[in-house]
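One structure below.
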Amino acid sequence: MRSTIFSGLSLLLLIPFAGHSQSLVSAFSFDNRLWGYVDQSGTEIIPPKYTKPTEVSLNGNACVYDPAVRKFKLINMNGSEIPTDYPNFEVVDFMGYKEQGFVDDYIRINVKGKQGVLDKKGKTVHAPEYDKVTNFFGDFAFATKGSTWFVLKNNGTKIEIPGKIKDIKKYREGLAPFVTSDDKFGFVNDRGEIVIPAEYEGAGYFSSGLAWVRNAEKKIGFIDKTGKLVIPFNYDMAKEFDANIERTVAKIGEQFVILKKDGTEIKVDGAVKVKDFFDGVAEALSGEKWGFIDKDGKWIVEPKYEKLQYYVNGYGRIRLNGVWGVVDKQGTVVIEPKYARIEEFIDGRAAFIPDGSQGWGFIDPAGTIIVKPTYETVRNFHNGLARVKKGEFWGTVDVNGNEVIKPEKFRRLNDFSEVK
């Protein structure tokens, strides 16, 4: 049900944009080849003449590929080109499968195999001279040149990070785990300082002030941001703490436990397996049946189901006798198991299929059908709109079930993105 978000904007939106109101825009294609932009009503704003559209910045700038001149371009609200210092730049891809646009008003570019950074106005923040540049984490990014890593600030300055570093992971709660050339893990801050030396065989991200680390004996414990060991190396498996409930799931041998920040272990009666916490609730297996437990290991949904889907926005999904229903956080079954499929609730709506022969529609948490199951394919709600498909064409419905854009002309239509 996940989908990629592409967006853009147009002359029609210049007036509300100037007044700082919010609009929704999306990339579209009539022929699966060339892309343009539409507003939330489906009105064409920029005619389809581009390929490889990326996300727009909050201010409405986007990056596209213009096949007429075989070049990437930065465009503004009316589709005009934003000049840059690099007429033949490419866009750094995202996870190896598509070009990525602006993130926090910065975009990474590739020029002759080297990466750099431009701002939302197309101005050079860091010239393309690095082997790799990460996304910005607020006002900085990490970058590497050869075997040397740097902190790149959004004011154009850089700080060299000492040591032989092979990789730096995501930055969370003020620190990022890094890996040395001999595969040891430590933590670095946004000033390029090695705060926690690289002495671990593995490490996770900081959450709720703690991060898991693995020692030479392959055991896992937790450290604080000074590097002090606060939970001993007792565990064979553990994940990051859930920041909302300050719990995580750990494993000692074949025993799963819920772990608190002070190291207290909570055993779950009858559970032979416990999955990660989502929305403060975890799936747990007892015998051959699944149920849900809370942060204190109490069964809020008894283990009697064939399969579960984790909680999202207060609701979990249960399967019994091959059909799906929904439970709330009190363990009450709010939708009896009777549907072939139910997806997660987003904006108070969940996509569902009544049985194997009907199409997709949307229901609310009480089980009321909001959108009749008449569509071949749907996507989850995003910014108040869900994309729906009939035949070869895509359209949208709103949370009240109204068909906003009729599925009759767009062969491709992406999620609508908010632009101010």
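Structure data summary
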quantity	calculated
Looking only at the range 340-388, and only at residues there that are within 24 Å of the chain's Cα centre (by Cα), among the polar types (S, T, N, Q) and surrounded by fewer than 17 Cβ atoms within 10 Å (Cβ to Cβ), the one that is farthest from residue 416 (Cα to Cα)	377
Residue count for the range 188-238, restricted to those that are under 25 Å from residue 264 (Cβ atoms), touching a Lys or Arg at 6+ places or on another chain (Cβ under 9 Å) and not polar (S, T, N, Q)	22
When residues of the range 389-413 are limited to those that are of a type in the set (S, T, N, Q) and exposed (fewer than 15 other Cβ atoms within 10 Å of the Cβ), the one nearest to the chain's Cα centre (by Cα)	400
Residue ID - farthest from the chain's Cα centre (by Cα), chosen from residues in the range 207-240 that are part of a strand (DSSP E or B) and among the polar types (S, T, N, Q)	234
Residue within the range 241-250 that is under 26 Å from the mean Cα position of the chain (by Cα), modelled with pLDDT of 95 or more, within 21 Å of residue 202 (Cα to Cα) and assigned to a loop (DSSP other than H, G, I, E, B) present	yes
Qualifying residue in the range 90-107 (condition: over 26 Å from the mean Cα position of the chain (by Cα) and not hydroxyl-bearing (Ser, Thr, Tyr))	no
Complete set of residues in the range 281-331 that are over 19 Å from residue 265 (Cα atoms), of a type in the set (Lys, Arg) and assigned to a loop (DSSP other than H, G, I, E, B)	329
Extreme residue, nearest to the chain's Cα centre (by Cα), among residues of the range 173-187 that are more than 24 Å from residue 264 (Cβ to Cβ) and surrounded by fewer than 16 Cβ atoms within 10 Å (Cβ to Cβ)	174
Counted residues, the range 50-89 - those being exposed (fewer than 15 other Cβ atoms within 10 Å of the Cβ), of a type in the set (D, E, K, R) and in contact with a strand residue (DSSP E or B) (Cβ under 7 Å, 6 or more places away or on another chain)	2
Which numbered condition residue 331 misses (of (1) under 28 Å from residue 41 (Cα atoms); (2) touching a residue at least 24 places away in the same chain (Cβ under 8 Å); (3) not aliphatic (A, V, I, L, M))	(1)
Qualifying strands (runs of 3 or more DSSP E) (wholly inside the range 29-116; at least 2 residues being of a type in the set (D, E, K, R))	44-50, 71-75
Unmet requirement for residue 332, which otherwise passes all of (1) at pLDDT 95 or above; (2) crowded, with 16+ Cβ neighbours inside 10 Å; (3) hydroxyl-bearing (Ser, Thr, Tyr)	(2)
The range 221-257, subset touching a Gly at 6+ places or on another chain (Cβ under 8 Å) and among the β-branched types (Val, Ile, Thr), residue farthest from residue 177 (Cα to Cα)	245
Test: residue 143 is assigned to a strand (DSSP E or B), surrounded by 16 or more Cβ atoms within 10 Å (Cβ to Cβ) and in contact with a Leu (Cβ under 7 Å, 6 or more places away or on another chain)	yes
Which listed residue, of 170, 166, is charged (D, E, K, R), in a strand (DSSP E or B), out of contact with any Gly (no Cβ under 8 Å at 6 or more places or on another chain) and surrounded by fewer than 16 Cβ atoms within 10 Å (Cβ to Cβ)	166
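The values are calculated or read from the model by the stated rules, or taken from the named source; none is laboratory data. Since the structure is predicted, the reported quantities are computational estimates derived from the model, not experimental observations. Virtual Cβ from ideal backbone geometry, glycine too; neighbours counted across all protein chains shown.
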